[in-house]
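Just so it is clear, none of the values below were taken in a lab; they were calculated from the coordinates. Every value quoted in this text rests on a predicted model; they were computed, and no experiment measured them. Cβ sites come from the backbone with ideal geometry, for glycine too, and all protein chains shown count toward neighbours.
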Amino acid sequence: MMAVQDWPLPVSGFFGLLGIEEATFFLSGESTNSVTAGGEVIVHRRGTRLWQGEVVLGKSEPEAIAAQDTLIESLLEPGASFMVYDRRQPAPQDPAYPAGINWSAQSVTIQSLTPGNRELSLQGLPPNFTLRRGQKIGFQYLASPVRFAIHRIMNATVSADGTGATAPFEVTPFLRPGVVVGASVILDRPQLRAKLLSFKPGPGRSSLTQGGSFTWQQTLGGGV
């Protein structure tokens with residue numbers, strides 16, 4: 001007997017099974033603007049900034065598309081969620097390590113947090129390894145439910161010293177309350193929990209069916 005599905009669906013149970021043709025992964029604005037009588041533009045934050053994206057699926061046999069659509073449609077249920085990552089961006093590498101880095105063998109953690117929720121430092125990187133602007137780091141924080149955070153590096157370069165520790169560097173979005181020193185950090189395609197926002201099924205064409213598309217947004221809630 002098949003077990004009832006638990007949320008969030010792991011990458012191996014949904015996102016990794018999809019025949020993805022195109023995908024985006026970006027940070028929402030979540031703000032509005034107003035202009036004063038003096039001509040000053042004021043930005044008003046409407047809520048926390050969350051990652052979001054759109055996935056366009058490729059064409060395939062009708063039965064394969066039907067199986068794919070079934071998984072997608074199940075995620076329109078209230079409380080449903082799934083794990084997602086930015087498939088466009090591989091794990092960070094450094095020319096100083098031509099053989100590459102096996103990140104699963106590295107124990108990278110948050111070394112320090114700077115007041116202001118904009119900077120942190122890491123430890124456990126390969127000695128003298130350099131991270132670069134735009135690369136992503138991820139970690140978990142809080143409990144019941146656990147939150148999954150992904151942050152982009154803002155500094156042009158972030159270099160570890162000979163022990164694998166970095167100086168504080170800036171990330172976006174801002175760090176949220178609940179992040180703690182010592183948290184394990186993921187650098188190889190970090191994942192977050194997402195909610196399906198919309199789904200547009202693809203039309204059938206002769207013996208093949210277009211896969212359609214869907215949009216998603218990060219959720220910090222636990223669901224059902």
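Structure above, values below:
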{"read-out": "Longest site-free stretch - the chain; sites: trypsin sites (Lys or Arg not before Pro), DSSP loop, at most 12 other Cβ within 10 Å", "value": "89-224"}
{"read-out": "Whole-number percent relative contact order across the chain, with pairs defined as alpha carbons under 8 Å at least 6 apart", "value": "25"}
{"read-out": "Set of aspartates and glutamates near residue 136 by C-alpha distance (under 20 Å), chain-local residues within fewer than 8 positions excluded", "value": "22, 54, 86, 94, 119, 161, 170, 188"}
{"read-out": "³J(HN,Hα), Karplus 6.51/-1.76/1.60, whole Hz, each residue of segment 152-162, x for Gly, Pro", "value": "8, 6, 8, 5, 4, 9, 10, 9, 7, 8, x"}
{"read-out": "Orientation-averaged projected area, Cα convex hull of segment 89-190 (nm²)", "value": "6.2"}
{"read-out": "In order through segment 182-192: 3J(HN,Hα) via Karplus (6.51 cos²θ - 1.76 cosθ + 1.60), integer Hz, x for Gly, Pro", "value": "x, 5, 5, 10, 9, 10, 8, 6, x, 10, 9"}
